[in-house]
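Let me begin by presenting the structure, written as structure tokens, before commenting on it.
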Amino acid sequence: VIQHFKKALELARKVGNKLLEGRSLRRIGSALIANLNTMDEGSRWLRESFRVCREIGDKVTEARVLESLGWYYNWKGEFNKAKDYLTRALTLAEEMKDNYTMISTLFMLTIVLAGNGEYNEAISTGQRGLQLAQEFDRVSEASWILNTLGWIYHDLSNIELAIKYN
């Protein structure tokens, strides 16, 4: 898929479409951070996307870049950095009332908090994301959060709630 995003990036630069350029850079970076061998390269693409988004005022993509960088730092085990990027993404998404980004960022923040052992905060964050996902009929995202809450309750040895959420 990266080859197609690179082609879109090439075309965006050729015609001077900064919006498409920033969004293509984000998609390349996000795809690259999904693989341990290309994570750091992916973060560089994301930072370039962030620069372009800031330059043109594309807050939607900016929030999603921050979310992806949060995921990157989670994979690196740098939970405080991950929380910082995800909190910044969430703030932007809330300002814009971008429900999808709010829900997906809350999902990722739930994982980061749980991974860092902050279970109470993770549960309340997950519950908030689940409520939004249900309110806006985002079934896929709701299922991600339900599964994550099940995992958290399993880690807390609350098998009844783990089964309920899963």
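The values are calculated or read from the model by the stated rules, or taken from the named source; none is laboratory data. On a predicted model such as this, the values are computed, not experimentally measured, just so you know. Because the Cβ atoms are built from the backbone with ideal geometry, glycine has one as well, and the counts that use them run over all protein chains shown. Remember, those area values only see protein heavy atoms, side chains included, never the ligands or the DNA or RNA. Shrake-Rupley method; radii C 1.70, N 1.55, O 1.52, S 1.80 Å.
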Solvent-accessible area per residue for the chain (1.4 angstrom probe, square angstrom):
53
Added length on full extension, which subtracts the Cα-Cα distance from 0.36 nm per residue, SER124 to ALA31:
30.6 nm
Determine the equivalent ellipsoid of the stretch 1-62 by diagonalising the alpha-carbon gyration tensor, then write out the semi-axes as square roots of 5 times the eigenvalues, largest first, rounded to whole Å.
19, 14, 7
Most mobile of VAL52, VAL139, VAL60 per a Gaussian network model of the chain (Cα springs, under 10 Å)?
VAL139
If the chain were replaced by its equivalent ellipsoid, with semi-axes equal to the square roots of 5 times the Cα gyration tensor eigenvalues, what would those be, largest first, whole Å?
31, 16, 14
Whole-percent carbon and sulfur contribution to the accessible surface of the stretch 13-63 (1.4 Å, no ligands, DNA or RNA) stands at 50
Given the options SER140, SER49, SER30, state which has the largest fluctuation in a GNM of the chain using a 10 Å cut-off (strictly under) for Cα springs.
SER140
With each label point set 7 Å from Cα along the Cα-Cβ vector, what nm distance links GLN134 and VAL15?
4.4
Could you let me know the centre-to-centre spacing of the stretch 92-166 and the stretch 10-57, using Cα atoms, in angstrom?
27
Have a look at ILE28, ILE56, ILE145 and tell me which one the Gaussian network model of the chain (Cα, springs below 10 Å) gives the largest fluctuation.
ILE56
Over the Cα atoms of the stretch 80-166, each weighted equally, I'd like the Debye log10 I(q)/I(0) at q = 0.15 Å⁻¹, rounded to two decimals.
-0.50
The ratio Rg/Rh over the Cα atoms of the stretch 27-81, Rh being the Kirkwood inverse mean 1/r radius, stands at 0.98
